Amino acid sequence: MEATNMNSILFDLGNVLVRYDHGRTLSALAALYGVDAEEIFYLYQEIAPAFGIGQIAPEEVVRRFNERFGAKCKLEQFADAFCCGLGRDDAALAYAVSLRQEGELAIGAISNTNAIHVAWLDDHAPELKEFDLVMMSNEVGMCKPAPEIFELAMELLNVPAQRILYIDDLEENVEAARKLGMAGVVHSDWAKTRQQIEAWRAERRRNAYPQ
C-alpha cells in the first residue's frame, strides 16, 4: 500500500503527555505492603519486562507481590497504589489534540506501559481517544526501543519515517526512531519541545511548498 502524504507526530506518554513519578509509586506500594521501597523496586524489576509486554496479567502481578510480602491485598488496592505516581498534564494533552485538529497531522502515542496504567489512562486521559494511533506495549507485545514497535506504528498510520517526528523523554528511544529515518526530539520541558515541534512543522511546509 502506498504511503500517504500526511505528516505525523508520535509522542511518548510518561513524562511527556502524562506526568509520572516512579518514586511516588514505589513509596505508595511500600506503604501498602509495610516494607521498604527498595524491596518493592527489586520485585517490580523482576516482573516489569513480562508485565510490560502483556505476558502476565494484573492479577498475577498482585499474586506475586502478596506471596513475596505475605499479604492479601486486592487488585483494586494494588492498582490505587500502583497508579499513585501518574497524573494528567492538561496543557500537554490539549496541545497534542490541537495539533490533530488542525488537520495537517496524524497524531499518535507509543508507550512502554502495562495493563494497570492503561486502565488509569482510559479513565483519566480521554484525549487519547482523539489520537489517530495509540500503541501500548502490553497490547502489541513489544517495547521501545525495539525498532519493530516503530515500524508497526508506521504501518498502521501509513506514514513513512521521513514524515514522522517522534518525541520521548528517553534518548535511547528517540535514537531508535532516528535510526529508522524519523526526526526526533528528546523532551525535557514543554517550552523547548513546542519550539522544536513548530520548527519541524515549518520545515515540512517548506518541503511541501518550495519557493
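In the chain, taking the dipole from charged Cβ atoms about the Cα centre, the farthest positive-side position among MET136, TYR42, PHE65 is held by MET136.
Once the C-beta distance of ASP36 and LYS179 is scaled by a Förster radius of 41 Å, the resulting FRET efficiency is 0.55 to the nearest 0.05. Between the listed residues PRO126, GLY54, HIS187, the Cα displaced farthest toward the positive end of the dipole of the chain, a dipole computed from Cβ unit charges relative to the Cα centre, is found at HIS187.
Listed from fewest to most Cβ neighbours within 10 Å, the set TYR42, TYR95, TYR166, TYR33 follows the order TYR42, TYR95, TYR33, TYR166.
For the stretch 87-174, a/c is not less than 1.5, where a ≥ b ≥ c are the root eigenvalues of the C-alpha gyration tensor, and a/b does not top b/c. That puts it in the oblate class. For MET6 and GLU104, the difference between the fully extended length at 0.36 nm per residue and the C-alpha to C-alpha distance is 34.6 nm.
For the Cα atoms of the chain, what angle does the longest principal axis make with the long axis of helix 22-33, in degrees from 0 to 90, nearest 10? In the chain, helix 22-33 runs at an angle near 20 degrees to the longest axis.
Rounding to the nearest 20 debye, state how big the charge dipole of the chain is about its Cα centre with +1 on each Lys and Arg Cβ and -1 on each Asp and Glu Cβ.
Details: 20 positive and 33 negative charges, 76 e Å.
In debye, rounded to 20, the chain gives about 360.
Which ordering of PHE82, PHE11, PHE69 is given by a fewest-first count of other beta-carbon atoms within 10 Å? Let's see the in-between values first.
On the way: PHE82 24, PHE11 28, PHE69 17.
The order, fewest Cβ neighbours first, is PHE69, PHE82, PHE11.
Explain nothing, just the number: dipole magnitude of the stretch 22-82 about its Cα centre with +1 on each Lys and Arg Cβ and -1 on each Asp and Glu Cβ, in debye rounded to the nearest 20. Provide the component values of the computation, followed by the final result.
On the way: 6 positive and 9 negative charges, 21 e Å.
That gives a dipole near 100 debye.
A short reminder: the numbers here are calculations on the coordinates, not readings from a lab. Source: prediction; values computed, not measured. Heads up, the Cβs are rebuilt from the backbone with ideal geometry, glycines too, and the neighbour counts pull from every protein chain shown.
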